[in-house]
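*Asks:* A single structure is presented below for examination.
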There are 2 protein chains.
Amino acid sequence: MTNYPVLLAGEWREADATGAFQAVDPCTGEPVDGSYPVSSRAEMEGAVAAAADAADALLDTDAGMRAAFLEAYADGIDANADEIAEQAHIETALPLSPRLRDVELPRTTGQLRQAATAAREGTWMEATIDTETNIRSRLGPLGGGVAVFGPNNFPLAFNGISGGDFAAAIAAGNPVIAKAHSSHPGTSRLLAEQARAAVEAVGLPPATVQMLYRLSHEDGAYLVSHPAIGATGYTGARSSGLTLKAAADGAGKPIYLELSSINPIFILPRALESGGEELVGEYVTSVLMGAGQFCTNPGITVVLASEASGRFIAGAASAFEEAEPGYLLGERVVSGLGESIEALVACGAELLTGGKPVEGEGFRFQNTLLRVSGSDFLQQPEALQREAFGNAGLIIEAADEGELIGISKVFEGNLTGCIYSDSEGGDEALYGPIARSLRRQVGRLLNDKMPTGVAVSPAMNHGGPFPATGHPGFTAVGIPGSIRRFAALECYDNVREDRLPVELRDRNPGGGLWRLLDGRWSGEDVS
Amino acid sequence: MTNYPVLLAGEWREADATGAFQAVDPCTGEPVDGSYPVSSRAEMEGAVAAAADAADALLDTDAGMRAAFLEAYADGIDANADEIAEQAHIETALPLSPRLRDVELPRTTGQLRQAATAAREGTWMEATIDTETNIRSRLGPLGGGVAVFGPNNFPLAFNGISGGDFAAAIAAGNPVIAKAHSSHPGTSRLLAEQARAAVEAVGLPPATVQMLYRLSHEDGAYLVSHPAIGATGYTGARSSGLTLKAAADGAGKPIYLELSSINPIFILPRALESGGEELVGEYVTSVLMGAGQFCTNPGITVVLASEASGRFIAGAASAFEEAEPGYLLGERVVSGLGESIEALVACGAELLTGGKPVEGEGFRFQNTLLRVSGSDFLQQPEALQREAFGNAGLIIEAADEGELIGISKVFEGNLTGCIYSDSEGGDEALYGPIARSLRRQVGRLLNDKMPTGVAVSPAMNHGGPFPATGHPGFTAVGIPGSIRRFAALECYDNVREDRLPVELRDRNPGGGLWRLLDGRWSGEDVS
């Protein structure tokens, strides 16, 4: 069996391993060929030191080189799309087509190319020039590597070596130390090979991109708090994320988290009445998409108890029963989902369908629908907001409009919140107070659509109040916002012009750079 | 003796006090008339609850009202400038004129007015509209009060009730709970009276501005981590700041810190040679200004050992001896300065002049100059970076250029770093490597000027890497940057137009609002 090396300072090197692991095929529960190392602390420290040197060397490269790298990398992924998507399919059991090959992979290369364009234009850095005082500032790189921990559920678009955090950190001028997720090391390896080749082709410092497969929990915490690290991006489970947050916070190191979210949906009475089967279809599709393993999966849906809600619930339950359960990403996802459902039932939720692992080969769980009354929910709102990561949904039936509004006030921080309302205006009286509550609890407020689509677009917010993320002001998806996370504010006071970064000199370097010139956004030179 | 009340929900109310304290006149060491309460936890909780209600009520006011409040407040301070400055002088012993009356007070009202203009225009909120996806976002208020802890050294411009954090939090649409600094409660009271009157005159929710004078350390930590708090701004000592940071971080609440900073200055050899007495004068003025009680006070100055450095040091020492020591803000500043100087001497710094408290009435310390060799500094760089808050400076004499460069690499995060270099280009070879090191360690890099001036200007960065602050991407001074700290990213996905905030509707509301429209900054309507 192959023992795969780690990517350090531009080379695939035999690991200084303290252990080894294999990926597992979720369809069979059997190990996938090839063994991946758990890196030692010394190996991790070596990566951090090499990244710090690369951060310094990157100061001598221009943004165009970083952009060229991102584009060459995207081209490399595209040229090997079939192999990469196939490996991701083997390791995650997510559908090869359209999901991996036709949606997630193009999304991934699209993100890399958007980041390249942003790096080249430079508007993301918010260059600001005050002519009267001759003070000039911009966002610039952090001065150390950015550690990126990818999650299990998007092996390409959120991978530590190819996803949104990776692209953003590189665009801002930082090297990346990717921590691949243990559930898809082979996919990460294939991506890293393309990244390494692109670094070499463009001539960036070799340690601009490094990758380790696994660290002990202690070494992970040490990595994010290391004096020579610039910042960390983490997408994944809440408990691990909070452990890393505590370590990074204690060292004064920025860490951007994307943790759990149950993404509440309110379907207001008139919209529910007129929505019929179409609405059931939208709901079922959104809950079961990717076997429910989406950060923006609608975990809780709130309706007013009525004949219409009865029909909606019955329709959803029947669709859940008819749909073939998808494969889950790992054994731990199956057991975690079971534990969450058990906990929700213990708090008074009624199991309408599903609730058990699917017998036989592979990691599957029955499509699971739960129901709870509004009054029961309001008695234990925290416990009943427990995330059931996977193909499961909880529907809350409120007894009256007051209860519906009351429920809208008790949610923790979430990535999204959604309100379906009557297109003729019949739900307006309820919309106002519910939107007002949700607005402060979610990063993205939606009308009349499910939250599972996350467009890569400048106005997107894939973020939200704690504990959905660690800070309510930042987004993990969408450029330029995502880039600004991995940057420090650099101010130049009376610095001689030839010593300034090109973006801050009198002459606008062109290429689409917007600057805040004496308080106005402008593409002009300083006159 | 008067027992002063606290400002809660728009009214001066008798405090629920667990203790009381008085201000002390630093010139005499005697208490200033009037007693101020230490608030109970219940009182603090009441303020937090009232602020949360006010945060909700503020959603129904427009930015113009907040702007009108900030301007009315500035007018009220101006109309009572003599009384306020006089009270600040009594409580801090900072010079009445020009410092308090003619510099800090106009700076304070200027900040409030700049924040008003920014609130009215709205460009700070970075409204972003993607027409193809119909996703729109902007920065908006946090949904809870912002706690602002002011420092001892700027009783007006950084006061929790009137300073930069206050103005920024209000401009972003948040209510403020000000924690007045215990060294100038009377000044804070006079300011709060003007704030209260302006809130009433404009018709904002009464709890938009509240003020408490003192809390126990436990209650302070609870305040910044309270579930109903939006965020915290803190300027002050490092140890207290780090305690608050740990509490806020643990609760996932944003906290913006401005802590200690020694603001290294490098005077390169040719600049030192040609600088002569003028340079000595600049240095001495900057170190002794406000008795050295500035966040941007130059604590460490690095020169190459030479005849010129000997003359510079001798000139500075003699000027230090001649200058009358200023009054320090409190007894604790005197003892803290003594402890720091003792610690620096214990690490090998040589005391050239000063080093002891001034005998007699009031809180004063001799102007103190220390010197250490570059090699001694490099043996204990951390211990010798200890901040000596007050009228003291440490000069490092490097033996050669390599040592000079080596020293530039070892600084902790600082607000500022400065390099004086020859105007004819004679220091260029040294400038490059030293600027490169400092750039990653400081928020603001200066050329050929001292760091003690902090212009309130959009490009200003009064921030820097930890431990100067808690995050390298934010500034406490300068608009719009300072406002963005106290905001959450609000995204609207497919939300019907009449439900959007006015800044995100198709029609640009005018008044100077810039929006990122399909990736370009624009003042136009959506077409």
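*Asks:* If you restrict to DSSP beta bridges whose two residues both lie in chain B, what percentage is antiparallel, to the nearest 5? Intermediate results must be reported in sequence, preceding the final value.
*Replies:* Numbers: 28 of 69 bridges.
Antiparallel bridges: around 40 percent, rounded to the nearest 5.
*Asks:* Can I ask one more? Helix-only estimate, please: 222 nm mean residue ellipticity of the protein assembly as shown, summing -39500 (n - 2.57) across DSSP H runs of length 4 or more and dividing by its residues, to the nearest 500.
*Replies:* -11500 deg cm²/dmol
*Asks:* Amide H of B:Thr353: which non-local residues (sequence gap of 5 or more, or other chain) have their own amide H closer than 5 Å, using H built in the peptide plane?
*Replies:* Counting only residues 5 or more places away or on other chains, the set is B:Leu369.
*Asks:* Moving to a separate point now. If you filter region B:102-134 for GluC sites (Glu not before Pro), then keep DSSP loop positions with at most 10 other Cβ within 10 Å, what is left?
*Replies:* When the GluC sites (Glu not before Pro) of region B:102-134 are filtered for loop state and at most 10 Cβ neighbours within 10 Å, B:Glu132 remain.
*Asks:* Another question about this same structure. Over region B:185-234, one equal point on each Cα, no solvent: what is log10 I(q)/I(0) by the Debye formula at q = 0.27, 0.29 Å⁻¹?
*Replies:* -1.05, -1.07
*Asks:* Moving on. Mind checking the mean number of beta-carbon atoms from other chains within 10 Å of the Cβ atoms in B:239-251? Display every interim value, and only then the final one.
*Replies:* Numbers: counts 0, 0, 0, 2, 0, 0, 3, 3, 0, 1, 8, 4, 2.
Mean shielding by partner chains, rounded to a whole number: 2.
*Asks:* Continuing with the same structure: Just subtract the alpha-carbon distance of A:Ala228 and A:Ala399 from 0.36 nm times their residue separation and send over the number in nm, one decimal. Kindly include the intermediate steps, with their values, before the conclusion.
*Replies:* On the way: separation 171, 0.36 × 171 = 61.56 nm, distance 5.56 nm.
Taking A:Ala228 through A:Ala399 to full extension adds about 56.0 nm, to one decimal.
*Asks:* Once the label point is set 7 Å along the Cα-to-beta-carbon vector, what list of distances in nm do you get between B:Arg507 and its counterparts in the other copies?
*Replies:* 4.4
*Asks:* Can you list the residues of region A:160-181 with backbone N under 17 Å from a point 7 Å past the Cα of A:Ala57, pointing along Cα to Cβ?
*Replies:* A:170, A:173-178
*Asks:* To continue, here is another question. Among the DSSP beta bridges whose two residues both lie in the protein assembly as shown, what percent are antiparallel, rounded to the nearest 5? Don't jump to the answer; show the numbers that get you there.
*Replies:* Working: 56 of 144 bridges.
Among the beta bridges of the protein assembly as shown, antiparallel pairing accounts for roughly 40 percent.
*Asks:* Stokes-Einstein diffusion coefficient for region B:265-447 at 20 °C in a medium of 1.002 mPa s, Rh from the Kirkwood formula over Cα pairs: what value in µm²/s? List each step's numbers first, then the result.
*Replies:* Numbers: Rh = 16.4 Å.
Rounded to a whole number, D works out at 131 µm²/s.
*Asks:* Which loop-located trypsin sites (Lys or Arg not before Pro) does region B:254-354 contain, where loop means any DSSP state but H, G, I, E or B and the Cβ has at most 11 other Cβ atoms within 10 Å?
*Replies:* Details: sites: B:Arg270, B:Arg311, B:Arg332; in loops: none.
Taking region B:254-354 and a limit of 11 other Cβ atoms within 10 Å, no loop trypsin sites (Lys or Arg not before Pro) are found.
*Asks:* Can you give the Kirkwood hydrodynamic radius for the protein assembly as shown, in Å, rounded to one decimal and based on Cα pairs?
*Replies:* Numbers: mean 1/r = 0.0333 Å⁻¹.
Mean inverse Cα-Cα distance, inverted, gives 30.1 Å.
*Asks:* Right, next: By DSSP, what percent of the beta bridges with both residues in region A:265-447 are antiparallel, rounded to the nearest 5? Could you put the intermediate results ahead of the total?
*Replies:* Numbers: 5 of 26 bridges.
Roughly 20 percent of the DSSP beta bridges within region A:265-447 come out antiparallel.
*Asks:* Applying the Karplus parametrisation 6.51 cos²θ - 1.76 cosθ + 1.60 with θ = phi - 60° to the phi angles of region A:280-292, what ³J(HN,Hα) value in whole Hz is obtained for each residue in order, glycine and proline being reported as x?
*Replies:* For region A:280-292, the Karplus-derived couplings read 4, x, 4, 5, 4, 4, 5, 6, 8, 3, x, 6, x Hz, x marking Gly and Pro.
*Asks:* Cα convex hull of region B:182-322: mean projected area in nm², to one decimal?
*Replies:* Projected over every direction and averaged, the Cα hull of region B:182-322 covers 12.7 nm².
*Asks:* Compute the label-point distances linking B:Glu86 to its equivalents in the other copies; points lie 7 Å from Cα along Cα→Cβ; give nm, one decimal, shortest first.
*Replies:* Result, one decimal in nm: 8.8.
*Asks:* Can you tell which of B:Ala198, B:Gly481, B:Ala55 lies farthest toward the positive end of the dipole of chain B, using +1 and -1 charges on the Cβ of basic and acidic side chains (Lys, Arg; Asp, Glu)?
*Replies:* Result: B:Ala55.
*Asks:* On to the next question. Using θ = phi - 60° and the Karplus form 6.51 cos²θ - 1.76 cosθ + 1.60, what ³J(HN,Hα) does each residue of region B:455-469 get, whole Hz, x for Gly and Pro?
*Replies:* Result, rounded to whole Hz: 4, 8, 8, x, 8, 4, 10, 9, x, x, x, 3, x, 4, 9.
*Asks:* Any idea how far apart A:Ala201 and A:Asn80 come out in nm if each label point goes 7 Å out from Cα toward Cβ?
*Replies:* Output for this residue pair reads 1.1 nm.
*Asks:* Starting from the exponent 0.38 and prefactor 2.2 Å, build the expected Rg for chain A from its residue count and divide its actual Cα Rg by it.
*Replies:* Values: Rg = 24.0 Å, N = 527, 2.2 N^0.38 = 23.8 Å.
Scaled against compact globular proteins, the figure is 1.01.
*Asks:* Taking the Cα atoms of region B:1-153, what is the range of coordinates along each of the three principal axes, in descending order and whole Å?
*Replies:* 68, 41, 22
*Asks:* Just to confirm the filter: which GluC sites (Glu not before Pro) across region B:7-55 are DSSP coil and have at most 16 other Cβ within 10 angstrom of their Cβ?
*Replies:* Numbers: sites: B:Glu11, B:Glu14, B:Glu43, B:Glu45; in loops: B:Glu14.
Counting only loop positions with at most 16 other Cβ atoms within 10 Å, the GluC sites (Glu not before Pro) in region B:7-55 are B:Glu14.
*Asks:* Now a separate question. Please give the FRET efficiency for A:Glu331 paired with A:Glu11, using the beta carbon to beta carbon distance and R0 = 45 Å, rounded to the nearest 0.05.
*Replies:* Details: r = 34 Å, r/R0 = 0.75.
In this case the efficiency is close to 0.85.
*Asks:* Along the Cα→Cβ direction, 7 angstrom out, place labels at B:Asn3 and A:Glu132. What is the inter-label distance in nm?
*Replies:* Here the modelled spin labels are 4.9 nm apart.
*Asks:* Provide an ascending nm list, one decimal, of label-point separations from A:Ala429 to the equivalent residue in each further copy; define each label point as 7 Å from Cα along Cα→Cβ.
*Replies:* In nanometres, ordered from closest: 8.3.
*Asks:* In what order do A:Leu394, A:Leu370 fall by count of nearby beta-carbon atoms within 10 Å, going from fewest to most? List each step's numbers first, then the result.
*Replies:* On the way: A:Leu394 28, A:Leu370 23.
Ascending number of Cβ neighbours within 10 Å: A:Leu370, A:Leu394.
*Asks:* Quick check on the exposure proxy: order B:Phe389, A:Phe158 from fewest to most C-beta atoms within 10 angstrom.
*Replies:* Working: B:Phe389 26, A:Phe158 30.
Neighbour counts put them in this order, fewest first: B:Phe389, A:Phe158.
*Asks:* Just add up the charged neighbours of B:Gly426: K/R +1, D/E -1, any other residue whose Cβ is under 10 Å from the Cβ of B:Gly426.
*Replies:* Values: positive: B:Arg270; negative: B:Glu273, B:Asp422, B:Glu424, B:Asp427, B:Glu428.
Result for the local shell: -4.
*Asks:* Normalised by the number of residues in region A:265-447, what is the relative contact order in percent for Cα pairs under 8 Å and 6+ residues apart? Please list the in-between numbers first.
*Replies:* Values: 330 pairs, mean separation 51.6, N = 183.
Over region A:265-447, the number comes to 28 percent.
*Asks:* Another one. Of the listed pairs A:Lys245/B:Lys245; A:Lys409/B:Lys179; A:Lys179/A:Lys253; A:Lys253/B:Lys253; B:Lys179/B:Lys245; A:Lys245/B:Lys253, which have alpha-carbon separations greater than 19 Å here?
*Replies:* Numbers: A:Lys245/B:Lys245 13 Å; A:Lys409/B:Lys179 29 Å; A:Lys179/A:Lys253 17 Å; A:Lys253/B:Lys253 15 Å; B:Lys179/B:Lys245 16 Å; A:Lys245/B:Lys253 12 Å.
Those over the limit are A:Lys409/B:Lys179.
*Asks:* For B:Val477, list long-range residues whose amide hydrogen, built 1.01 Å from N in the peptide plane, is under 5 Å from its own amide hydrogen.
*Replies:* Correct list: B:His462.
*Asks:* Name the shape class, rounded, prolate or oblate, that the alpha-carbon gyration tensor gives for region B:440-527, where a ≥ b ≥ c are the square roots of its eigenvalues, rounded holds for a/c under 1.5, and otherwise prolate holds if a/b is larger than b/c and oblate otherwise.
*Replies:* Values: a/c = 3.30, a/b = 2.25, b/c = 1.47.
Prolate.
*Asks:* Could you work out how far apart the two model spin labels at B:Ser306 and A:Ala343 are, taking each label as a point 7 Å from the Cα in the direction of the beta carbon, and quote it in nm?
*Replies:* 6.7 nm
*Asks:* Taking 56 Å as R0, compute the FRET efficiency from the Cβ-Cβ separation of A:Ser35 and B:Ala383 and round it to 0.05.
*Replies:* Once rounded, the FRET efficiency stands at 0.75.
*Asks:* Net charge around A:Ala251, counting only other residues with Cβ within less than 12 Å of its Cβ (Lys, Arg = +1; Asp, Glu = -1)? Kindly include the intermediate steps, with their values, before the conclusion.
*Replies:* On the way: positive: A:Lys245, A:Lys253, B:Lys245; negative: A:Asp249, B:Asp249.
That works out to +1.
*Asks:* Which whole number gives the average count of other chain Cβ atoms within 10 Å of the Cβ atoms across peptide B:432-440?
*Replies:* Working: counts 1, 0, 0, 3, 4, 2, 0, 8, 12.
Neighbouring Cβ atoms belonging to other protein chains average 3 per residue here.
*Asks:* Where the centroid of each part is defined by its Cα atoms, how far is region A:49-96 from region B:132-197 in Å?
*Replies:* 44 Å
*Asks:* Toward the positive end of the charge dipole of the protein assembly as shown, about the Cα centre and with charges on Cβ (Lys, Arg +1; Asp, Glu -1), which of A:Phe69, B:Val526, A:Phe154 goes farthest?
*Replies:* Of the options given, the answer is A:Phe154.
*Asks:* A further question on this structure: In whole percent, what relative contact order does chain A give with Cα contacts below 8 Å and a gap of six or more residues? Write out the running numbers ahead of the final one.
*Replies:* On the way: 1224 pairs, mean separation 91.3, N = 527.
For chain A, the relative contact order is 17 percent.
*Asks:* Find the centroid of the Cα atoms in region A:302-342 and in region B:237-273, then give the distance between the two in whole Å.
*Replies:* One Cα centre to the other: 50 Å.
Every number here is computed from the coordinates shown, using simple stated rules; none is lab data. Nothing here was measured: the structure is a model prediction, and the numbers come from that model. Note that we place each Cβ from the backbone using ideal geometry, even for glycine, and neighbour counts take in every protein chain shown.
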